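Asker: Below is a structure I'd like to ask you about.
The values are calculated or read from the model by the stated rules, or taken from the named source; none is laboratory data. All of these numbers come straight from a predicted model, not from anything done at the bench. Cβ atoms come from the backbone with ideal geometry, glycine included; neighbour counts cover every protein chain shown. With ligands, DNA and RNA removed, areas are computed over all heavy atoms of the protein, side chains included. Shrake-Rupley method; radii C 1.70, N 1.55, O 1.52, S 1.80 Å.
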Amino acid sequence: MRHVAAALLVIVLVALPASAIDPGRAEGNLTIDGTKIPLSYAYAVAKQKNELTGRNELTRIILTDKPLPDGAKLTALDGDLPGDLNGVIICIDKLGRVGHVAVQHPKGTYDGGYFEGIQDYDFKQRKGDAGTLSGSVSSLRVKTNTMTFSYDATFVAALR
């Protein structure tokens, strides 16, 4: 019995590094009206302005299908992404609650504004290396006047 348990432990430990996500990367999807858009790149910037309080207390997470162009200012990406990028911008408060969501997709953009206490969005932080933000983000299916969207992704981003 000990040999079986030891063998299972070795299998689990060997498999863990293979499933790790590299910094700057994401794994998941943004779904727009049933069409999945892969989320492959991750960025994060701290001390962003909360429009409800006026304080620089939010962390902005940006997940995209393609890399941001060189020189893109993360602090300026509040409601939309440059060029033909698709993705989601999520702001997290100091308690780990989602307080802003914006989506960009091939047919346009959606900005949910700044809010508190909306249960449609979730963020779970994971332990990561110093200088990074690691976690998972997800949403329920959100219906707007022009589309229905949801997202579900795991990411590791260098925290700027």
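Asker: Roughly to the nearest percent, how much of the accessible area of the chain is carbon and sulfur, given a 1.4 Å probe?
Answerer: 53 percent
Asker: Against the globular-protein guess of 2.2 N^0.38 Å, express the Cα radius of gyration of the chain as a ratio, rounded to two decimals.
Answerer: Rg over 2.2 N^0.38 Å, computed on Cα atoms: 1.14.
Asker: Let me ask something else about it. Suppose R0 equals 45 Å. What FRET efficiency, 1/(1 + (r/R0)^6) with r the Cβ-Cβ distance, do A20 and N145 give to the nearest 0.05?
Answerer: Details: r = 40 Å, r/R0 = 0.88.
For A20 and N145, the calculated efficiency is 0.70.
Asker: While we're looking at this one, here's another question. Rounded if a/c is under 1.5, else prolate if a/b is larger than b/c, else oblate: which is the range 32-72, with a ≥ b ≥ c the root eigenvalues of its Cα gyration tensor?
Answerer: Since a/c reaches 1.5 but b/c is at least a/b, the shape of the range 32-72 is classed as oblate.
Asker: Given the convex hull of the Cα atoms of the range 107-160, what is a quarter of its surface area in nm²?
Answerer: Mean projected area for the range 107-160: 5.0 nm², to one decimal.
Asker: In nm, to one decimal, how far is the L74 label point from the N56 one, both placed 7 Å along Cα→Cβ?
Answerer: 1.4 nm
Asker: Select from N29, A42, Y110 the residue farthest towards the positive end of the dipole of the range 27-160; place +1 on Cβ of Lys and Arg, -1 on Cβ of Asp and Glu, and compute about the Cα centre.
Answerer: Toward the positive end, the furthest listed residue is A42.
Asker: If you take the Cα atoms of the range 83-132, find Rg, then find the Kirkwood Rh from the mean of 1/r over all pairs, what is Rg/Rh?
Answerer: In the range 83-132, Rg relative to Rh is 1.04.
Asker: Return the calculated 222 nm mean residue ellipticity for the chain, to the nearest 500 deg cm²/dmol, obtained by summing -39500 (n - 2.57) across DSSP H runs with n ≥ 4 and dividing by the residue count.
Answerer: Counting only the DSSP helices, I get -3500 deg cm²/dmol.
Asker: Also, I was wondering about something else. Can you find, among I89, Q119, T144, the residue sitting farthest towards the positive end of the charge dipole of the range 70-149, where Lys and Arg contribute +1 and Asp and Glu -1 at Cβ?
Answerer: Q119
Asker: Checking the table K36/K127; K73/K127; K94/K127; K107/K143; K73/K124 against a 22 Å threshold on Cα-Cα, which pairs fail?
Answerer: As for pairs spanning more than 22 Å Cα to Cα, those are K36/K127; K73/K127; K73/K124.
Asker: Moving to a separate point now. For a Förster distance of 45 Å, can you work out the FRET efficiency between the beta-carbons of D129 and K107, rounded to the nearest 0.05?
Answerer: The formula returns an efficiency of 0.75 here.
Asker: What accessible area per residue, rounded to a whole number of Å², is obtained for the range 76-160 using a probe radius of 1.4 Å? Show your work: numbers first, answer last.
Answerer: Working: 4550 Å² over 85 residues.
Normalised by residue count, the accessible surface of the range 76-160 is 54 Å².
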